[in-house]
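Chemist: One structure, as structure tokens, below. Some questions next.
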Amino acid sequence: MGGGSKSRLRVALFPRAETAIRSGHPWVYADSIKSQNRDGETGELAVMYDKRDRFLAVGMYEAESPIRIRILHCGKPAALDSDWWLGKARACLERRAGAVLNETTNGARVINGESEGFPGLVADLYAGTLVVKIYAAGWLARWDEIEGILREVFSPGFLVLRMSRNVAARAGECGLEEGFRGAVGEEAVVFLENGISFESAVLKGQKTGFFLDQRDNRARVEELAAGRDVLNVFSFSGGFSLYAARGGAHSVTDVDISAYALESAERNFSLNADNPAIASAKHSGVQADAFRWMDEASGEYDLIIVDPPTLAKRSSEKEGALRAYRRLNSRAISMLRPGGILVAASCSAHVSIDDFYRLVEEGAQGSRRQWRELWRSAHAQDHPADFPEAKYLKALCLEVG
């Protein structure tokens, strides 16, 4: 993944950016660049030097992005050749072998972007299908080599390439298209997560086809579900619902605005019909706007999961998101029977962990009911997050008297 015949792209940064890189931050914004020896091209390597003209870091340049450089390596100079990339990918796999990927789980994130040295790229494995999604246009020019590395390390039977909207708009320039690369597999792949079968819509589903990041929280819900009537709000394909059913829930109600999501949940229940606990749980789905449905619902439940999609895609939407989270979780608390449990989750990066926990707790206090915290959680092991912007996922579990 080296450069071409042009002179090496050299970049000097303002002091604040140097400090951020040394502390582990993986992005250099355009306004943090003090000078560079020439115009850079998207996808080429940019070498950064400190104020004493010593090597600082090397990153992938993006000429049209506000994030102008995505850091690949910091510290001592290194050759970013195929062996270097193979080592990075193998380290990702080794971190998951046994601990995440094992005889009961063959679906997991195997590369998590910046936090594992692949900025703007994630890779999720679903049984024998590897789904790679790229969010940074710099990978387009480097795709042939990175595809070879991914195939060598993860040995997928099938590989699917997906792109964010801004990257897809430029992919035609490189002759790339979304979809299967080489052999063509199934559009919906069945995989195992802690012994439960799920389908992943690898070609057209949200993210890479499934929300793998909530695996640990789903397992926590299973431990709480015995004998309870469970409500799963923003249920999508029923991940929390399947775990609750296996945990001995009396009934599980899914609420989602998408008919497709509810149909996917039904298929997932059917995939696990041979599990006695899952088969015996009464399962139903409600297609409705969750906000409106929560306002109008009259039922009571013993366990409610509130896990909406991101409510703040940009910082300007933070205040509205906080109001929405407060509304949803306060209403959920009012729908709990005595001794009921709320699992409140947020995947909005622009809503901080402290803000989210505070507003959920304020909702519990405002209910004038006794309550206690059972647990709080962040990212699963296969979704490491080692810089602030990557820390989007948080969940809080309360028992309400």
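Chemist: Just the residues that are modelled with pLDDT of 95 or more, under 18 Å from residue 88 (Cα atoms) and in contact with a Gly (Cβ under 8 Å, 6 or more places away or on another chain), please, taken from the stretch 139-158.
Modeler: Answer for the stretch 139-158, where residues must be modelled with pLDDT of 95 or more, under 18 Å from residue 88 (Cα atoms) and in contact with a Gly (Cβ under 8 Å, 6 or more places away or on another chain): 139, 156.
Chemist: With touching a Gly at 6+ places or on another chain (Cβ under 6 Å), buried (at least 19 other Cβ atoms within 10 Å of the Cβ) and modelled with pLDDT of 95 or more as the only criterion, which of 46, 57 stands out?
Modeler: Values: 57 fails: touching a Gly at 6+ places or on another chain (Cβ under 6 Å).
From the options 46, 57, the qualifying one is 46.
Chemist: Given 211, 236, which one is of a type in the set (Phe, Trp, Tyr) and at positive phi?
Modeler: Details: 211 fails: at positive phi.
From the options 211, 236, the qualifying one is 236.
Chemist: Same structure, new question: Considering only the stretch 203-240, how many residues are of a type in the set (Ser, Thr, Tyr) and closer than 20 Å to residue 331 by Cα?
Modeler: In the first step, residues of the stretch 203-240 are kept if they are of a type in the set (Ser, Thr, Tyr); the result is 208, 235, 237.
This time we only want the ones that are closer than 20 Å to residue 331 by Cα, so: 235.
Residues meeting the conditions: 1.
Chemist: Is it true that residue 312 is out of contact with any His (no Cβ under 7 Å at 6 or more places or on another chain) and crowded, with 18+ Cβ neighbours inside 10 Å? Walk me through it before giving the result.
Modeler: Numbers: out of contact with any His (no Cβ under 7 Å at 6 or more places or on another chain): no; crowded, with 18+ Cβ neighbours inside 10 Å: yes.
Taking the combined requirement at face value, the residue does not satisfy it.
Chemist: Suppose we filter 227, 195 for residues that are more than 18 Å from the chain's Cα centre (by Cα), over 24 Å from residue 379 (Cα atoms), surrounded by fewer than 18 Cβ atoms within 10 Å (Cβ to Cβ) and not β-branched (Val, Ile, Thr); which single one remains? Reasoning before the result, please.
Modeler: Working: 195 fails: over 24 Å from residue 379 (Cα atoms).
Exactly one of 227, 195 is more than 18 Å from the chain's Cα centre (by Cα), over 24 Å from residue 379 (Cα atoms), surrounded by fewer than 18 Cβ atoms within 10 Å (Cβ to Cβ) and not β-branched (Val, Ile, Thr), namely 227.
Chemist: Go over the candidates 95, 181, 162 one by one and state the one that is surrounded by 15 or more Cβ atoms within 10 Å (Cβ to Cβ), of a type in the set (D, E, K, R), at pLDDT 95 or above and touching a Leu at 6+ places or on another chain (Cβ under 6 Å).
Modeler: Values: 95 fails: touching a Leu at 6+ places or on another chain (Cβ under 6 Å); 162 fails: touching a Leu at 6+ places or on another chain (Cβ under 6 Å).
Exactly one residue qualifies, and that residue is 181.
Chemist: Every residue in the stretch 366-382 that is part of a loop (DSSP other than H, G, I, E, B) and over 30 Å from the mean Cα position of the chain (by Cα), please. Walk me through it before giving the result.
Modeler: Step one: list which residues in the stretch 366-382 are part of a loop (DSSP other than H, G, I, E, B), which gives 367-370, 378-382.
Within the stretch 366-382, 367, 368, 369, 370 qualify.
The values are calculated or read from the model by the stated rules, or taken from the named source; none is laboratory data. From a predicted model like this one, the values you see are computed outputs, not experimental measurements. Backbone-built Cβ (ideal geometry, glycine too); neighbour counts: all protein chains shown.
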